[in-house]
1. Checking the conditions here, which among Asp154, Asp135 is out of contact with any helix residue (DSSP H, G or I) (no Cβ under 6 Å at 6 or more places or on another chain) and assigned by TED's automatic domain parsing to the domain that holds Pro98?
2. Of all the helices (runs of 4 or more DSSP H) wholly in region 112-191, which have at least 1 residues that are of a type in the set (Ser, Thr, Tyr)?
3. So, Asp100, is that one without any contact (Cβ under 8 Å) to a residue 12 or more places away in the chain and closer than 20 Å to Lys183 by Cβ or not?
Amino acid sequence: MSEGMPDKSRGDAMKKLKSDDAPVVREDNQQKEVSESRRRFTRAGLLASPILMSVAARPVFGVQARCLSNMLSGNLSHPSRGVCVTGFSPVAWEDELPDDPGDFSGWALLTFDVTIGTGSTDTFGEILRNQTGSDFAVFVAAYLNATEDPGAGDPGYILKDWQVVDLYAGVYDTRLAQLGTDKVTFLEGTW
């Protein structure tokens, strides 16, 4: 072999090496199957994401909830502001009453019509004792939750006492309807 002439065996080896390094060319059907498979996998992942996120999301009325003003405004520019806590149900408040209605004092003697609005002249104690499942009892429990002192540094109940009164009067009915709920169902979700 002369030095100017390429070595045939070396050239064959180089061709073989280059062909081994070359990407595997698949038939069109195989490429289509892989492409469709990837699309299905990606599509399934995109569709499953919101479901997984909703499962992992905290409930609106968990131990902590957004205050009424944040919920009704729909303004989430400051979502960390306005964290409140849930309150006690009418049954829990009824358990706080003394056994003898003659021993009622303090909040148990407040009357519904003077404190919250028209509809009942009964005291809070009478409503909680005798009408625990009523709408009146729901509003009494919400009012008591709103006036309960949460303690220094603790967030308060989801509503203020004046908001309970406004809620009973129908001030928020339109917005609650837009949210797909009514005032009693809304309040029952706050304990």
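1. Numbers: Asp135 fails: out of contact with any helix residue (DSSP H, G or I) (no Cβ under 6 Å at 6 or more places or on another chain).
Asp154 is the lone residue from the list that is out of contact with any helix residue (DSSP H, G or I) (no Cβ under 6 Å at 6 or more places or on another chain) and assigned by TED's automatic domain parsing to the domain that holds Pro98.
2. Details: elements: 112-115, 124-130, 135-147, 161-169, 173-178, 183-188.
Correct list: 112-115, 135-147, 161-169, 173-178, 183-188.
3. no
Matching residues to (1) over 20 Å from Tyr172 (Cβ atoms); (2) modelled with pLDDT of 60 or more:
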position: Leu68; (1), (2): no, no
position: Met71; (1), (2): no, no
position: Gly82; (1), (2): no, no
position: Thr86; (1), (2): no, yes
position: Val91; (1), (2): yes, yes
position: Glu96; (1), (2): yes, yes
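The values are calculated or read from the model by the stated rules, or taken from the named source; none is laboratory data. Everything numeric here is computed off the predicted structure, so don't read it as measured data. Using ideal geometry, Cβ is built from the backbone for each residue, glycine included, and neighbour counts are taken over all protein chains shown.
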